[in-house]
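Data block below; observations after.
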Amino acid sequence: MSAVRPRRSVLYMPGSNARALDKARSLPADALILDLEDAVAPEAKAEARSLVVQALQAGGYGERELIVRVNAPGSAWWRDDLAALGRSGVRPDALLFPKIGSPEHLLAAIDAADSADCDDGIPVWIMAETPQCILQIGQIACTHPRLAGIVLGTSDLAKDTRVRHTRERLGFIAALNLCVYAARANELAVIDGVHLDLEDNEGLAFACAQGRELGFDGKSLIHPRQIEAANLAFAPDAAELASSREIIEAFENASAEGKGVVVVRGRLVEALHVEEARRTLALAEAIAAR
C-alpha cells in the first residue's frame with residue numbers, strides 16, 4: 001500500500017495577510033492553500049505574491065501540505081503569479097489551478113507553469129468549480145501524470161448553476177459524486193467544498209460527515225475555527241480502528257488455516273475489506289505521527 005497522507009482539513013489562507021500566513025504555522029490543519037486568487041483583492045495581488053514566496057522560503061510549516069492557488073488562467077494576474085514562483089525557485093507541495101474546464105485547458109496551464117520556470121516536478125491540483133469541468137471531470141482527471149488532486153469549488157459552482165446551498169446539498173450531489181469517482185479512478189486526492197456559515201457549527205459537522213460518507217479525503221475550510229470539526233469527521237474513530245484490527249486478524253488467521261471464507265460478526269469478509277481496513281489503520285498512524 002502506498003503511503004497515506006492525511007488531508008482531513010485543508011484551510012484557505014489569504015496570501016495578502018502576513019499575520020495569517022505566520023499563524024498557519026501553528027494551526028492543526030493537515031494542508032494549507034496559500035491563496036493568490038479569491039481571497040486577495042486586485043490591488044493586493046502583487047503584495048500577496050511576495051508574501052507567499054517569503055512564507056515558502058522561510059518554511060516552518062512542519063508536516064502541513066502547502067498548496068499555492070494561483071489566479072485563473074487568462075486572468076490579469078495569472079502569468080505574474082507563475083513568474084514569481086518560478087523566479088524565486090520555491091517548491092510548494094502543489095500548484096492549484098482554478099477555473100479548469102477541459103483537458104486542453106489543464107495542459108495549457110501546466111505548459112504555462114513550465115514556461116515560467118516553475119519546478120516541473122511540482123504536483124498539480126485543480127479546482128472543480130464550473131459546469132464545464134464537472135461534465136468533463138473524468139477526462140480531465142486522467143489528462144496529465146502530474147495531476148494529483150481535485151478541490152471542489154461549490155461556491156462558484158452554485159453561482160454558475162443556480163443550485164442553492166442547502167443542508168443536504170442535494171443539488172450538488174451529482175457533481176460531488178462525479179469528482180470522487182474520477183479521483184478514485186486515477187488515484188487522486190479529492191477535497192470537499194467549503195461550508196460558508198461560520199456560526200453554523202452543527203451544519204459544519206453535518207457537512208463534514210456527509211463529505212466523508214461521499215468518499216472525500218477531507219474538507220476545504222475558510223476559517224481556523226472549522227479545523228477541529230473536519231479533523232474529527234475525516235479521522236477513523238475508536239470503533240472503526242477496532243473493527244479494522246478484527247477484520248485483519250480474522251482474515252490472516254483464516255488464511256493460515258487454509259479457510260476460504262471468513263465471517264466477522266456475521267458479515268462476510270473478503271480481501272477488499274482487508275485492504276480498506278489496512279488503509280484505515282495506516283491513516284490513523286499517519287495522523288498520530290503528526
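Across segment 101-111, coupling constants 3J(HN,Hα) worked out from phi with the 6.51/-1.76/1.60 Karplus curve, θ = phi - 60°, read x, 7, x, 5, 5, 5, 4, 5, 5, 5, 4 Hz, and Gly and Pro carry x.
Less than 5 angstrom separates the built amide H of residue 219 from those of 9, 10, 192, all sequence-distant by 5 or more or on a different chain. State the antiparallel share, in %, of DSSP beta bridges confined to the chain, rounding to the nearest 5. Antiparallel: roughly 10 percent of the beta bridges in the chain. Taking each pair of distinct Cα atoms in segment 103-220 once, what is the resulting Kirkwood hydrodynamic radius in Å? Result for segment 103-220 stands at 14.9 Å. Taking 0.36 nm per residue of sequence separation and removing the Cα-Cα distance, the residue 46/residue 162 pair yields an extension gain of 38.5 nm. A simple packing score, the average count of other Cβ atoms within 10 Å per residue, orders the peptides 181-187, 64-70 as 64-70, 181-187, with the highest score first.
With a Förster radius of 41 Å applied to the beta-carbon distance between residue 104 and residue 270, the computed FRET efficiency rounds to 0.50. Stokes-Einstein diffusion for segment 77-148 at 20 °C, viscosity 1.002 mPa s, with a Kirkwood radius from C-alpha pairs, works out to 174 µm²/s. Bridgeable lysines around residue 99 (alpha carbons under 21 Å apart, same-chain partners fewer than 8 residues away excluded): 45, 159, 219. Under the criterion of Cα pairs below 8 Å and six or more residues apart, the relative contact order for the chain equals 17 percent.
Distance from the alpha carbon centroid of segment 55-92 to that of segment 110-163 works out to 16 angstrom.
Based on C-alpha pairs under 8 angstrom that are at least 6 apart in sequence, segment 174-268 has a relative contact order of 21 percent. Nearest 10 degrees, 0 to 90: what angle lies between the long axis of helix 78-88 and the longest principal axis of the chain (Cα atoms)? Between the helix axis and the principal axis of the chain, the angle is about 80 degrees. Computed in the context of the full set of protein chains, the accessible area of the chain at 1.4 Å probe radius has 51% of its extent on carbon or sulfur. Residue 289 to residue 54: FRET efficiency via 1/(1 + (r/R0)^6), r the Cβ-Cβ distance, R0 22 Å, to the nearest 0.05? The computed FRET efficiency comes out at 0.20. Computed from backbone phi, the HN-Hα couplings of segment 118-125 come to 5, 3, 6, x, 6, x, 10, 10 Hz, rounded to whole numbers (Karplus: 6.51 cos²θ - 1.76 cosθ + 1.60, θ = phi - 60°; Gly and Pro given as x). Accessible surface area normalised per residue over the chain is 48 Å², counting heavy atoms of protein chains with a 1.4 Å rolling probe. Relative contact order for segment 49-152: 26 percent, from Cα pairs under 8 Å spaced at least 6 residues apart, divided by residue count.
The values are calculated or read from the model by the stated rules, or taken from the named source; none is laboratory data. Here the structure is a predicted model, which means the values were calculated and not measured. Note that each Cβ is placed from the backbone with ideal geometry, even for glycine, and that neighbours are counted across all protein chains shown. All accessible areas refer to the heavy atoms of the entire protein, side chains included, with ligands and DNA or RNA removed. Shrake-Rupley method; radii C 1.70, N 1.55, O 1.52, S 1.80 Å.
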